[in-house]
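The values are calculated or read from the model by the stated rules, or taken from the named source; none is laboratory data. Note that the structure is predicted; figures quoted are calculated from it, not measured. So basically every Cβ, Gly included, is an ideal-geometry build from the backbone, and we count neighbours across all protein chains shown. To get the accessible areas, we keep the full protein, side chains included, count just its heavy atoms, and leave off ligands, DNA and RNA. Shrake-Rupley method; radii C 1.70, N 1.55, O 1.52, S 1.80 Å.
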Amino acid sequence: MEKELNEEVLLPTDTFASEIDAGLSANPKAISSRYFYDAEGDRLFQKIMQLDEYYLSRAEYAIFKEHKELLLQYFADQRTAFHLMEFGAGDGWKTKVLLRHFIEQHAKFDYRPIDISGNVLQELESSLKTELPSLQVQGMEGEYFEVLNQMQKTDGQRKVVLFLGSNIGNFRQHQAISFLSSLRASLNQGDMVLIGFDMKKDPHVIRNAYDDASGVTRDFNMNLLKRLNIELGANFDLTKFKHYQSYDPQSGECRSYLISLAEQEVTMQAIGVSYYFKKWEPIHVEISRKFDFETINELAASSGFGVVKNLQDTDEYFTDSLWVAT
Ligand code: AVI
């Protein structure tokens with residue numbers, strides 16, 4: 001049954017409502033994947049990361065286990081003190097491999113996870129307090145670049161920024177270049193970034209990762225419609241949409257769609273608008289790009305970085321690429 005609307009729900013005060021409206025009024029229809037992540041979306045994404053089919057997190061974890069010594073050598077070149085910053089750290093499962101090793105080696109660093117959610121930061125900080133009590137942690141709430149820009153003004157210490165999990169794959173090439181160029185503008189020459197890239201591979205392996213047998217990824221995508229029902233007073237009938245995944249091995253684009261199973265009209269009370277769907281009409285909801293070294297080099301060069309080292313897992317499924325700001 002649909003959640004009853006309250007007054008708060010009906011107020012389209014943010015860009016959320018207007019972006020959804022623009023996306024559903026467009027042809028073809030599209031909604032940004034950043035709207036997946038309400039509390040339920042966060043919970044489902046945690047579940048995805050534990051799926052057998054979703055190899056990405058395990059591959060990056062294996063890279064950190066294997067190469068933590070080397071990473072510390074690069075990060076703390078000549079035993080320089082550094083700030084280890086992380087964009088969107090989540091529960092820090094992978095990063096803790098590095099943090100633990102750096103502490104054991106008495107590296108001079110502090111850890112500064114950056115997130116727009118104060119709750120995420122609090123949970124991470126409290127788990128770190130228990131697991132790594134001697135670690136200096138300073139969670140920084142806010143937009144990524146705002147936080148970095150503030151630090152640039154006050155602090156000359158080297159920064160190393162982690163952007164893991166192939167989050168970069170959720171951007172198109174021009175968006176990725178613009179994001180990375182903004183990142184570069186917030187850094188000083190010699191600062192470093194470590195970026196996780198999911199690589200092109202057997203297309204079946206990729207498709208399975210985004211269309212798992214137990215249907216968690218389907219629920220993750222469908223949750224977007226639930227979110228619109230709850231927060232914007234929409235009346236999506238979830239039985240009239242299905243999740244569909246495609247992968248194009250040439251472009252490396254893995255795409256997620258929600259497909260309308262019937263001709264139908266959906267109304268969104270928060271904006272007082274109805275949207276018409278043809279039978280089989282898709283809403284494009286996510287792009288998860290897969291990379292090769294050529295594209296990684298092009299991204300670095302176009303955004304003001306030089307590639308220092310590419311680290312891979314033994315299957316060569318995933319690359320953590322270490323760049324320096326030039
Ligand atoms: C967050 N991002 C890197 C994930 C990905 O692989 O594109 C989101 C995701 N979507 C479906 N499964 C996982």
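Descriptive notes on the structure:
- Helical mean residue ellipticity (222 nm; -39500 (n - 2.57) per DSSP H run of 4+; nearest 500) of the chain: -12000 deg cm²/dmol
- Surface share of carbon and sulfur [accessible, 1.4 angstrom probe, percent] for the chain: 48 percent
- A simple count of charges around LEU162, restricted to other residues whose Cβ falls under 11 Å of its Cβ and scoring Lys, Arg +1 and Asp, Glu -1, yields 0.
- 10 °C / 1.306 mPa s Stokes-Einstein diffusion coefficient of region 267-326, Kirkwood radius on C-alpha pairs, µm²/s: 102 µm²/s
- Once the 1.4 Å probe is applied to the protein heavy atoms, the chain comes out at 48 Å² accessible per residue.
- Sequence-distant contacts, meaning Cα pairs under 8 Å at least 6 residues apart, place the relative contact order of the chain at 22 percent.
- Cα convex hull volume per residue for the chain (Å³): 144 Å³
- Cα-based Rg of region 184-239 normalised by 2.2 N^0.38 Å, two decimals: 1.85
- Placing a label point 7 Å from the Cα of GLU104 along the Cα-to-Cβ direction, the residues of region 56-75 whose backbone N falls under 14 Å of that point are 64-72.
- Beta bridge orientation in the chain: antiparallel %, DSSP, nearest 5: 60 percent
- Over 32 Å between alpha carbons, listed pairs LYS65/LYS242; LYS201/LYS309; LYS159/LYS200; LYS65/LYS226: LYS65/LYS242; LYS65/LYS226
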